[in-house]
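Working notes, beginning with the structure itself.
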Amino acid sequence: MSLYSHPGAGWSIRHWRRDDYPQIEVIFRECLAAFPWRGSVRDEVLRLRQALSANIAFVAEEKNAGVVGFLTLEQGKAYVPHVFVDGDWRFCGVGSGLLQVARNFVGRPLQLDVDIQNAAAIEAYTALGWRERAKVGRGSREQVRLVGP
């Protein structure tokens, strides 16, 4: 069942299923390659698996491309540990669509952390009305906690 769709771009958002995992991991690994300051890819993938098994998750999919983005959500905290979009599908509204579905699901503003080195993401979230709440982490793991509109 589609929770949200973008007819012009051809993608829709639904709850994730276990058979989505291979595509989710491919997107995740490709995105991590752009973040050399992150720790071990193996550790990051383990955290992703834990988040998928313990929390709610949504995927954006397109009929021909399959899964093009995903988001994990800690419902009780309205916290988003992961939101990643395939490089070919960025700037098509996938990320903002996933965030909107998550916000509607919890019924209140979301929170997420962005690596301090990821200036492009911080700028994009700020343009969408997100605001800085705090700095979290240390050293190469320093992040900015953002709160959504």
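What follows draws every value from the coordinates through simple rules; no lab data is involved. Please read all numbers here as calculations on a predicted model, not as lab measurements. FYI the Cβ positions are ideal-geometry reconstructions off the backbone, even for glycines, and counts take in every protein chain you see.
With Kirkwood radius over Cα pairs in Å defined as stated, name the option among (1) 18.6; (2) 15.5; (3) 18.2 computed from the structure displayed. Correct label, based on the coordinates given: (2). Cβ-Cβ distance of Leu46 and Arg145, R₀ of 22 Å, FRET efficiency by 1/(1 + (r/R0)^6): the value works out to about 0.45. Centre-to-centre, using Cα atoms only, segment 10-26 and segment 57-88 are separated by 7 Å. Highest GNM mean-square fluctuation among Leu110, Leu32, Leu71, for the chain modelled with Cα contacts below 10 Å: Leu32.
Excluding the sites themselves, what is the longest stretch of the chain that contains no trypsin sites (Lys or Arg not before Pro) in a DSSP loop with at most 11 other C-beta atoms within 10 Å? Write out the running numbers ahead of the final one.
Working: sites that count: Arg17, Lys63, Arg138.
Answer - 64-137.
Please identify which residues in segment 47-69 have an amide N closer than 13 Å to a label point set 7 Å out from the Cα of Arg18, following the Cα→Cβ vector. So the set is 53.
Go ahead and run the numbers for FRET between Ser96 and Arg138, Cβ-Cβ distance against an R0 of 41 Å, rounding to 0.05.
E(calc), rounded to 0.05, equals 0.85.
Computed from label points 7 Å out along Cα-Cβ, the spacing between Phe105 and Ala34 is 2.2 nm. The mean sequence separation of alpha-carbon pairs under 8 Å and at least six residues apart, normalised by the residue count of segment 1-137, gives a relative contact order of 20 percent. A Gaussian network model of the chain, with springs between Cα atoms under 10 Å, assigns the largest mean-square fluctuation among Glu123, Glu61, Glu44 to Glu123. Within the listed set Asp113, Asp86, Asp19, the residue fluctuating most in the Gaussian network model of the chain (springs between alpha-carbon atoms under 10 angstrom) is Asp19. Exposed loop sites here are chymotrypsin sites (Phe, Trp or Tyr not before Pro) assigned a DSSP state other than H, G, I, E or B and surrounded by at most 14 other beta carbons within 10 Å; excluding them, the longest clear run of the chain is 92-149. A convex hull fitted to the Cα coordinates of segment 109-149 yields 46 cubic angstrom per residue.
What shape does segment 33-84 have by the C-alpha gyration tensor, where a ≥ b ≥ c are the square roots of the eigenvalues, rounded means a/c under 1.5, and otherwise prolate means a/b greater than b/c and oblate the rest? Before the final figure, lay out each step's value.
Values: a/c = 1.99, a/b = 1.10, b/c = 1.81.
Verdict is oblate for segment 33-84.
Normalised by 2.2 N^0.38 Å, where N is the number of residues, the alpha-carbon radius of gyration of segment 1-51 equals 1.40.
The residues neighbouring Gly137, those whose beta-carbon lies less than 9 Å from its own, together hold a net charge of 0 under the Lys/Arg +1, Asp/Glu -1 convention.
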